[in-house]
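What follows is one structure encoded as structure tokens, with my remarks underneath.
The values are calculated or read from the model by the stated rules, or taken from the named source; none is laboratory data. Note that this is a predicted model, so its numbers are computed, not measured. Glycine also receives a Cβ, built like all others from the backbone with ideal geometry; neighbour counts cover every protein chain displayed. Heads up: the accessible areas ignore ligands, DNA and RNA and are worked out on the full protein's heavy atoms, side chains in. Shrake-Rupley method; radii C 1.70, N 1.55, O 1.52, S 1.80 Å.
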Amino acid sequence: MIRKTTTLEPQAPIHAGSRETDCQAPVLPAQAEAARQRSVVRPTFAAASAPGTMALLVQAARDQWTSEKDRGLGFLMLPVAMGLGAAIFFMAARDPPLILIVIGLLVGWAVAVLARANNPAAEQFGALAAAVFAGALAAAIEVSRGPVLLDSDVTTRIVGQVMAREFDDKGRVRYLIRVTSTAEPQIRRPPPQVRLVARASHDPVPVGGLISGRARLSSPSGPVLPGGYDFAFRAFIDGIGAHGFFYQAPERVSMEKEAAKSGKSPKLELRDLRERIASRIRSVLSGDAGGIAAALAVSDRRGITEATVEALRATGLAHILAISGLHMALASGLLYVGLRLLMACFPSVAEGWPVKKIAAVGALMTATAYLLISGGSVPTRRAWVMLSVMLIAVVFDRPALTMRNVALAALVIIIISPSAVVGPGFQMSFAATAGLIAAYAAISRRLADPERRFRPSALTVLVPRWLAFVFKAALGLAITSLVAGLATGLFSAYHFHRVAAYGLLANLLAMPLVTIVVMPAGLAAMLLMPLGLDQAPLQIMGLGLEGVISVAYFVERLGGDIQVGLVPLHATAISGAGFVILVFLSSRLRLAGLGLIALGMVSASPTLAPPRPDILVSEDGRLVGLYGPLGLASNATRPSDFTFGQWQTALGGAPHLAPQMHKALRMLAEAPESQDGQMQDAKPPDFGTLVLDPLIAKARQETYRFQCASRGICAAWHLQALIVAIDRPELIGPACDRADLLIVSIPVRMTSCRSGATLITARTLRRSGSLAIRVSHGAGAVGAAQHPTDAPRHEQGESMAPVAGNVHASERWLAEPIERKARPFFGIEAALADIVRPWTIQRYYDWRTRSFDLPD
């Protein structure tokens, strides 16, 4: 490379007569060379300056990271690591070996201790690794205490003790029963607790009493689709081994037998108190207002109609039904402020006693009482732990509202109930709390900066104080609602496949009522209830709740919520990691969290997310859904809201397309009867031809929709595949010969069709759980149509516009009808395939052999 240099110019001659002639020092050769080297002009290429810029960036990042560590970032990451360990444990397909978890915990702890003096990085790594294994160990301990889940549905006579009871808006009683015995038949693996609904009118059996009756017990259901919420896992954690209903009104066991049992435990006494409080509230407040008031007081939501619950969910107001940090902070905060004001009225008390600490102790007692009577849900326990830390900090003159308190509360919850980590309650409540603390901390830092501090203008001086107060209150409420909505929106989209479109507006209108009217009146009612003076406060509380309900319905009419459909787990994990970085860090490094959140949102977009399933099958095989251009078609005129409603939400709110019922074919499907009304012993030899062939012909004429002779005999042509769903054993052979995919909703020992058709039975679904199926055709598998009448086509005038949110390629639905040359390929994803955990192992139990047939 050619270097451009400049040489030293010779010194100018010294003029005669100059006064400096005699003192001018000569220039040595070494000095001249040094000057020449310093004067070399090097090119200012970016490549030459890049190392210096990179070094500055690295040094800046190190400085920022050092400041984060000085603020206690390591402690904040401990609950994150513990939660990660618990989540990994629960998401594993098999039980991780306990010995490996213990070894990992000990090794991580040893590394942290040994490296404490010499290597801070290794110390932090060891501590976080130990926290991961500690979370897994806590999860293993919780699982070891789980109940036995019912292995198969059964009708039996049950006798047990009522542990809790709830009344819904239709007058039905929902019992939680600890099973003492079963008979006719006797269950060999009885669940310790069951939840049964009594629909018939009867005198409700009190909490602690013995109840008996003939009931239908069902094992807890798994996810309604792969990746969905596992209800069996929730039942396992809650200690409920089965659910069902009484056929008739249950009976109360005689007092003599009941007296032989032990008396009520404190836990039962507390549940009885909760029930009496809920009954008292509903006796004063009727309808949805009474149901919501009972939910706010004792977490009893059974008196709220489904329409109101849906309106609250759609508008982002469902959080008021869960006793969480907001309610507990309002209840204890009102008492805290009230006690301080009361003691301030007496100067001798205010000057001689620690008023603030006494008020904090009183508020802590109020929060504890609220925790006990509310039932102790995860949000309530989280709120109580965090509020207790804050109030204890006040007693010891320490800062109360900090992110360290949130981390400490999370650590306590994970140790006590690690399963909460994978639930929406824990994630959403902690996300909202951490987001609010981080947001207000950033606002406080900005206001504390002299250069950025707001300076009032002449106009603001003229504004009345009350108007400024109202504006500040509205602004604070708006910021709180916006931050909480954004923080919980990520987890709401993943768990519920929906986000509230007008949640900010609904919270702005409703939360002042909750803060100013509902909670103060509710606190007064609870304090006055032992004296019988609670009616007036309850009525005031009811007026506030009526206003909240009106707001929910008003905002719902504006548009309701947005159903986003399935959100991939990896997208939620990436965005969740970005959220943790954003709220836990306070330096400029937190901006990296925004990048991760954006990356997660991009990975959840339709272009990058996995395609939506073409076919959905429930875990009992009775309900089948076809996702097509007109919506979600099913083989049931009125499908189960529990299953089908979740399918619709997961598919972005696809409308229901009911099956086309054919009464004439139904008559053929019925068994022929003789003149005396007795069933004949055999079906005609052409039974399959008489029933299935007409259905298949009609299915080819109207694609993407089930054609049914009855609920248990249906056929559909969907994406160039013939799907048949039956519940009749005599139709299995003919259906195998005709169908590409056969779904049999009865347990049969067949595992395949000799024709090559894909066979799914209730027996295989028992192990696999619900299915999501995608249809594809291999290269060269299709050709030109030879018989247009046999090829799929739509009825004249039928709309072919794809449903909103569809991620399928449009040509799959809009292509010209073609005739297949080969069977389609079905990519099947099972919800519980090869997952053997304590909440799924009952699916592999055979009551005939009294053994488990576990997969390899």
Region 497-565 - convex hull of alpha carbons, volume per residue in Å³: 82 Å³
At a probe size of 1.4 Å, how large is the accessible area of E123, to the nearest 10 Å²? 50 Å²
Carbon plus sulfur, as percent of the 1.4 Å-probe accessible area of region 312-362, comes to 72 percent
Per residue convex hull volume, Cα atoms of region 62-220, in Å³: 186 Å³
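Please report, to one decimal in angstroms, the Kirkwood hydrodynamic radius of region 620-669 built from all distinct Cα-Cα pairs. Present the calculation step by step, with values, prior to reporting the outcome.
Details: mean 1/r = 0.0856 Å⁻¹.
It is 11.7 Å.
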How long is region 85-126 along each principal axis, judged by its Cα atoms, biggest number first, in Å? 39, 18, 9
Give the distance, in whole Å, between the Cα centre of region 536-604 and the Cα centre of region 209-227. 32 Å
Accessible surface of region 503-576, 1.4 Å probe, proportion on carbon and sulfur as whole %: 72 percent
By the scheme Lys and Arg +1, Asp and Glu -1, what is the net charge of all other residues having a beta-carbon under 15 Å from that of P96? 0
Compactness of region 285-370, expressed as Rg and Dmax over alpha-carbon positions, Å: 17.5, 55
Over all directions, what mean area does the Cα convex hull of region 544-665 project, stated in square nanometres? 12.8 nm²
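How do the peptides 605-617, 714-726 rank, highest first, by the average count of neighbouring beta carbon atoms within 10 Å per residue? Before the final figure, lay out the partial values.
Numbers: 605-617: 17.5, 714-726: 25.7.
For the peptides 605-617, 714-726, the packing ranking is 714-726, 605-617.
When ligands, DNA and RNA are left out and all protein chains stay put, how many square angstrom of accessible area per residue does region 91-131 have with a 1.4 Å probe? All intermediate terms of the calculation are to be shown ahead of the outcome.
On the way: 2770 Å² over 41 residues.
With the other protein chains kept in place, region 91-131 gives 68 Å² per residue.
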With the calculation restricted to Cα positions, what are the radius of gyration and Dmax of region 350-443 in angstrom? 14.4, 49
Charges at C-beta only: +1 for Lys and Arg, -1 for Asp and Glu. How large is the resulting dipole of region 76-182 about its Cα centre, in Debye rounded to 20? 280 debye
